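Step one of this worksheet: look at the structure below.
We did not get these values from a lab; they are worked out from the coordinates using the rules stated. The shown structure was predicted, so the numbers you read here are calculated from the model rather than taken from an experiment. Because the Cβ atoms are built from the backbone with ideal geometry, glycine has one as well, and the counts that use them run over all protein chains shown.
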Amino acid sequence: MDVKKVMVIGAGQMGSGIAQVCAMAGYDVFLHDLKQEYVDRGLATISKNLTRQVEKGKLTEDEKASILHRLTPSLDLQHASEVDLVIEAVVENMEVKTKLFAQLDEMAPAHAILATNTSSLPITEIAAATKRPEKVIGMHFMNPVPVMKLVEIIRGLATAEEVYQTIEDMTHKLNKVPVEVNDFPGFISNRILMPMINEAIYALYEGVATKEAIDEVMKLGMNHPMGPLTLADFIGLDTCLYIMETLHEGFGDDKYRPCPLLRKYVKAGWLGRKTGKGFYTYE
Ligand code: NAI
């Protein structure tokens, strides 16, 4: 299978990063979102990232221009009919994703692979919304995408070997390291990371320590590059809550119960960095 053209759906933090690394690796990319302003914001982020690379001498102005040239903004899902691979990076919600995959299945060419960047949702269930479950796969990038090396690759129950190989090869071409993981809630990354973040929020909720103290303990004591509450703000508190809900529902164990403080912040619209306020406040 030869991938040349890619469509990235969702131009948020993850989608814009995925579109950037695909364009940098020479793929032609549609960057799609619901509104022009969202696509523009995604493209502006990419342009800013590339400018920083030019300033550091890692990229020439010409290279930056040709990377940007490979990116085409899209508001029309029908562009899926022109691509070999779709990578979905919309909100972490099963209903939204299955509806989208059913539409993409109608529009994309028969040979096209439909990948999802879901953090935690079952690939098998997303695949079941299509008539091509053998061509559906999890391609889980880490945030920030241009920096982080890992891509978790998750096969659904029906994913074809050839599809897995194609995505593994492409991950190498993106200059990333693929790691194969089975289809269980949260895969490996978020099954281990998110309960730690949730526990940090419980510690804050129960008044065990201040947010700064909790982050400082994990940074200096465990050598984590950032504390769990800072990381939660970075990921997005809505995404953290969705993932905890998926773990809670998927395993049915109380140890995955989302902290009420997390729910409260999300209800307030305090989603972290992307809204300017989460556990911390951002300019
Ligand atoms: P985000 O909130 O920054 O971006 C989501 C984008 O999707 C928004 O621009 C929104 O307008 C768009 N969108 C929503 N519904 C849509 C639809 N039906 N069609 C087209 N566009 C639509 O969210 P973020 O952080 O980029 O997360 C996206 C996905 O990536 C989620 O599934 C999340 O779990 C996953 N993910 C997130 C990570 C993180 O650290 N934030 C890390 C790895 C995966």
Return only the number of the condition from (1) over 15 Å from the mean Cα position of the chain (by Cα); (2) surrounded by 15 or more Cβ atoms within 10 Å (Cβ to Cβ); (3) on the phi > 0 side of the Ramachandran plot that PHE187 does not satisfy.
-> (1)
One residue from ALA19, ALA25 being touching a strand residue (DSSP E or B) at 6+ places or on another chain (Cβ under 6 Å) and surrounded by 15 or more Cβ atoms within 10 Å (Cβ to Cβ) = ALA19
Take the range 8-33 and flag every residue that is outside any strand (DSSP E or B) and within 12 Å of the ligand (Cβ to nearest atom).
-> GLY10, ALA11, GLY12, GLN13, MET14, GLY15, SER16, GLY17, ILE18, ALA19, ASP33
Just a yes or no: is a residue in the range 180-190 touching a helix residue (DSSP H, G or I) at 6+ places or on another chain (Cβ under 9 Å), away from the ligand (no atom under 14 Å from the Cβ) and among the charged types (D, E, K, R)?
-> yes
Quick one: in the range 89-116, of everything that is part of a loop (DSSP other than H, G, I, E, B) and not hydrophobic (A, V, I, L, M, F, W, C), which residue is nearest to ILE18 (Cα to Cα)?
-> GLU92
When you look at SER66, is it farther than 26 Å from SER81 by Cβ and either surrounded by 11 or more Cβ atoms within 10 Å (Cβ to Cβ) or of a type in the set (Lys, Arg) (or both), yes or no?
-> no
Could you say which residue among THR166, THR246, THR239, THR171 is more than 16 Å from the ligand (Cβ to nearest atom) and touching a residue at least 24 places away in the same chain (Cβ under 8 Å)?
-> THR166
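Listed here are the residues, each with its yes/no results for (1) over 22 Å from the mean Cα position of the chain (by Cα); (2) in a strand (DSSP E or B); (3) within 27 Å of GLN103 (Cβ to Cβ).
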{"residue": "THR118", "(1), (2), (3)": "no, no, yes"}
{"residue": "THR130", "(1), (2), (3)": "no, no, yes"}
{"residue": "ILE137", "(1), (2), (3)": "no, yes, yes"}
{"residue": "ASN143", "(1), (2), (3)": "no, no, yes"}
{"residue": "ILE153", "(1), (2), (3)": "no, yes, yes"}
{"residue": "LEU157", "(1), (2), (3)": "no, no, yes"}
{"residue": "LEU193", "(1), (2), (3)": "no, no, no"}
{"residue": "LEU204", "(1), (2), (3)": "yes, no, no"}
{"residue": "VAL217", "(1), (2), (3)": "yes, no, no"}
Matching residues in the range 34-79 - criterion: being part of a helix (DSSP H, G or I), within 11 Å of the ligand (Cβ to nearest atom) and farther than 16 Å from GLN13 by Cα = LEU77
